Amino acid sequence: MSELFTARFESPIGSLEITAEKRGIVAIDFVEKSGLMKLRPGKAPRGPKVLTDCLVQLDEYFHGRRKSFSVPLRLEGTDFQKKVWAALRRIPFGKTATYGEIAEAAGNRRAGRAVGGANHRNPVSIIVPCHRVIGADGRLTGYGGGLWRKEWLLAHEKKHARD
């Protein structure tokens, strides 16, 4: 693996740790710990341009000005996980899909439970929008960042989808 660079972004739903290599974003995680350097868009982190671009795009997203992301990603996972993550990226901003719908989009309509596992292992929160996946009955179900964050993200997107 190539050299990794890390920055922290302060969002309305907590600190995000962004990890990148020169060719793409590797991870975006919610963090509770302190000690990482806080960065804001416009202040270039030490590292690749993709990291700066990610900070800018996250800032635009949280201000309701961005509905999709264009930073390159470097996702590591099984073939099925990669299919699920690709299907997640096709869920439109402000919309949701069920686990079963994502399973079908990933090529195995009976793999709803496996979709849940792939969501849980999603390394790039928000950009790969696993928060847009809901239960078949419309209820919010598991989210690694906490259901309150999932609820916030869905409400944020619904509010700005009309803009």
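The values are calculated or read from the model by the stated rules, or taken from the named source; none is laboratory data. Treat the numbers as computed from the prediction; the structure is a model and nothing was measured. With ideal geometry, Cβ positions are generated from the backbone for all residues, glycine too; neighbour counts draw on all protein chains shown.
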Legend entry - Output for segment 43-93, where each listed residue is among the hydroxyl-bearing types (Ser, Thr, Tyr), over 13 Å from Pro129 (Cα atoms) and surrounded by fewer than 19 Cβ atoms within 10 Å (Cβ to Cβ): Ser70, Thr78
Legend entry - Tabulated pairs, segment 4-15, first farther than 14 Å from Tyr61 by Cβ and in contact (Cβ under 8 Å) with a residue 24 or more places away in the chain, second among the aromatic types (Phe, Trp, Tyr) and part of a strand (DSSP E or B), C-beta under 8 angstrom, 6+ apart or interchain: Gly14/Phe30
Legend entry - Extreme residue, nearest to Arg66 (Cα to Cα), among residues of segment 136-163 that are in contact with a strand residue (DSSP E or B) (Cβ under 8 Å, 6 or more places away or on another chain) and surrounded by 15 or more Cβ atoms within 10 Å (Cβ to Cβ): Arg149
Inset, instruction - Check Ser125, Ser70 and return the single one that is within 22 Å of Leu51 (Cβ to Cβ), at pLDDT 95 or above and not basic (Lys, Arg). - result: Ser70
